[in-house]
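Encoded as structure tokens, the structure appears first; notes follow it.
A short reminder: the numbers here are calculations on the coordinates, not readings from a lab. None of these values were measured; they are calculated from a predicted model.
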Amino acid sequence: MMVSAVQKIDFSDYSESIPAFICVLFMPLAYSISDGIVLGLISYVLINILCGNFKKLTPGMLILAAIFVLKFFV
């Protein structure tokens, strides 16, 4: 069921495909769906900041990413 959603990912846009790949990869490796989603969100925010795509990021995403970074590193 989850694998069918992978077909809908836009692999031509790296700012979309890399976080999706990280999310899908870390769900089974971390044995936690929530940790995979969190790592996907953090990587999405970081990649879009580094690429300068600030229009894709909402204030909610930035706040959640900051909270999740603190959760993982503190």
Each residue of region 7-21 in turn: what ³J(HN,Hα) in whole Hz from Karplus with 6.51, -1.76, 1.60 and θ = phi - 60°, glycine and Pro shown as x?
5, 8, 6, 7, 6, 7, 9, 5, 6, 9, 7, 5, x, 5, 5
Considering all projection directions equally, how large on average is the shadow of the alpha-carbon convex hull of the chain, in square nanometres?
5.3
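Quote to one decimal, in nm, the extra length available between LEU62 and SER15 on full extension: 0.36 nm per residue of separation minus the C-alpha distance between them. Provide the component values of the computation, followed by the final result.
Values: separation 47, 0.36 × 47 = 16.92 nm, distance 1.55 nm.
Here the segment from LEU62 to SER15 would lengthen by 15.4 nm.
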Hits among lysines - C-alpha to C-alpha of LYS8 under 29 Å, sequence gap 8 or more where chains match:
LYS55, LYS56
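Output the relative contact order of the chain, whole-number percent, from Cα pairs under 8 angstrom with separation of 6+ residues.
Values: 54 pairs, mean separation 17.0, N = 74.
Value for the chain: 23 percent.
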Dividing the helical contributions, -39500 (n - 2.57) per DSSP H run of n ≥ 4, by the residues of the chain yields a 222 nm value, nearest 500 deg cm²/dmol, of -24000 deg cm²/dmol
